Amino acid sequence: MNPSPDNHLAVDARNVTKSFDGRVVVNQISMQIRRGEIFGFLGPNGSGKTTFIRMLCGLLQPDHAEGTCLGFDLLREREKIKRRIGYMTQKFSLYEEMTVSENLNLIARLYSIEQRKKRVAGIIERMGFGDRRHQMAGAMSGGWKQRLALAACLLHEPELLLLDEPTAGVDPKARREFWDELHNLTASGITALVSTHYMDEAERCHRLAYIAYGNLLTHGTLNEVITNAALSTWSVKGDNLSPFAAQLRILPGIEQVVPFGEVIHVTGSDRAALRAAVLPFLEQPGLQWEETATSLEDVFIYLSQTQARDNFK
Ligand SMILES: Nc1ncnc2c1ncn2[C@@H]1O[C@H](COP(=O)(O)OP(=O)(O)OP(=O)(O)O)[C@@H](O)[C@H]1O
Ligand SMILES: [Mg+2]
């Protein structure tokens, strides 16, 4: 039985810290992930996501950590944790010169999975590989390769999936299908921690966390993350917005100007000051202004820039 004091939590990690060569890359991160949820993990390149994931699954020894993963102590019971986790690494790690079926059989042997043939056949069926079972892994599209990597993670029936950028470089349709599959899996009781750089994927998570420079900057549901940031945003459309953006950027009350295609988002933490800053431009010909909802991406950019400024103080 699960020895966790709180059985609702698949992960209850506190103050997880790791340094490399004297540099802190994961700084006292605490994270609670409920069983059966998809938890999104976001942050710029080099912010510490992979390092954190590797500590959660027992592959990397933290300098400091308290708490549990699947009810087992993060520091003292790493072997027990490893056996119950499916870890999908950031880089494709299966054999390109082997078929789908050969790859899965090999993994099943490595894990000493009982009833190997039956289990592999079941996964092939369940993940829709029927017609492709004899195809070389290397000959498949990026989307199918990632699906195969996911299938390999599922063979030993893990309770928790740690998926490190599982859809990087995969086309939008395959990404959607991957996420549909993920939702099916969590509906059947599996828990998933998924790192991603895609905002649409972040929005499909039950809850999410954002880190930068090794620090946890925010976490919660999509709505909580946006509400807690307490930002106001205006969008402006028009021609030749680049020079205008530069002009806006230096005005008091405007803390962030970000282009999104043909629209610019203008954001600040003081709604009245922001309004006063944009007011003189509202009637300017050729511009269409609108006070708009702050997006998740606005929040992440804001938080990481604030953190960067704090680091240089
Ligand atoms: N084994 C290691 N030795 C030294 N430094 C490392 C090691 N592993 C990671 N780092 C450093 O730790 C920091 C965090 O890296 P990490 O790979 O965890 O970031 P990430 O958030 O996963 O980035 P990305 O989005 O690019 O995958 C980086 O500065 C990286 O260079
Ligand atoms: Mg990474």
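Any idea how many residues of region 294-309 are farther than 15 Å from Ala202 by Cβ and either in contact with a Gly (Cβ under 8 Å, 6 or more places away or on another chain) or not in a helix (DSSP H, G or I) (or both)?
Result for region 294-309: 0.
Results for (1) over 22 Å from Cys205 (Cα atoms); (2) charged (D, E, K, R); (3) away from ligand 2 (no atom under 16 Å from the Cβ), shown as yes or no for each residue.
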site	(1), (2), (3)
Glu125	yes, yes, yes
Arg132	yes, yes, yes
Gly143	no, no, yes
Leu150	no, no, yes
His156	yes, no, yes
Leu162	no, no, no
Trp179	no, no, yes
Ala187	no, no, yes
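Given Ala65, Ala121, Ala108, which one is within 16 Å of ligand 1 (Cβ to nearest atom) and assigned by TED's automatic domain parsing to the domain that holds Leu160? Outline the logic, then answer.
Numbers: Ala121 fails: within 16 Å of ligand 1 (Cβ to nearest atom); Ala108 fails: within 16 Å of ligand 1 (Cβ to nearest atom).
Criteria check complete, one pass: Ala65.
Against the definition (over 17 Å from Pro166 (Cβ atoms) and within 16 Å of ligand 1 (Cβ to nearest atom)), how does Asn27 come out, yes or no?
yes
In region 212-243, how many are free of Cβ contacts under 8 Å to residues at least 60 places away in the same chain and hydrophobic (A, V, I, L, M, F, W, C)?
So the count comes out to 4.
Among the residues of region 251-281, how many are outside any helix (DSSP H, G or I) and either closer than 30 Å to Ile211 by Cβ or modelled with pLDDT of 95 or more (or both)?
Count: 19.
Please go through region 17-63 and give me each residue that is aromatic (Phe, Trp, Tyr) and in contact (Cβ under 8 Å) with a residue 40 or more places away in the chain, ordered by number.
Answer for region 17-63, where residues must be aromatic (Phe, Trp, Tyr) and in contact (Cβ under 8 Å) with a residue 40 or more places away in the chain: Phe39, Phe41, Phe52.
Just for helices (runs of 4 or more DSSP H) wholly inside region 1-113: which have at least 2 residues that are among the charged types (D, E, K, R) and surrounded by 15 or more Cβ atoms within 10 Å (Cβ to Cβ)?
On the way: elements: 49-56, 78-83, 100-110.
Here the list reads 49-56, 78-83.
Of everything in region 230-245, what is more than 31 Å from the chain's Cα centre (by Cα) and surrounded by 10 or more Cβ atoms within 10 Å (Cβ to Cβ)? Give them in sequence order.
Passing the criteria: Gly238, Leu241, Phe244.
The values are calculated or read from the model by the stated rules, or taken from the named source; none is laboratory data. From a predicted model like this one, the values you see are computed outputs, not experimental measurements. In this analysis, Cβ positions are derived from the backbone assuming ideal geometry, glycine residues included, and neighbour counts consider all displayed protein chains.
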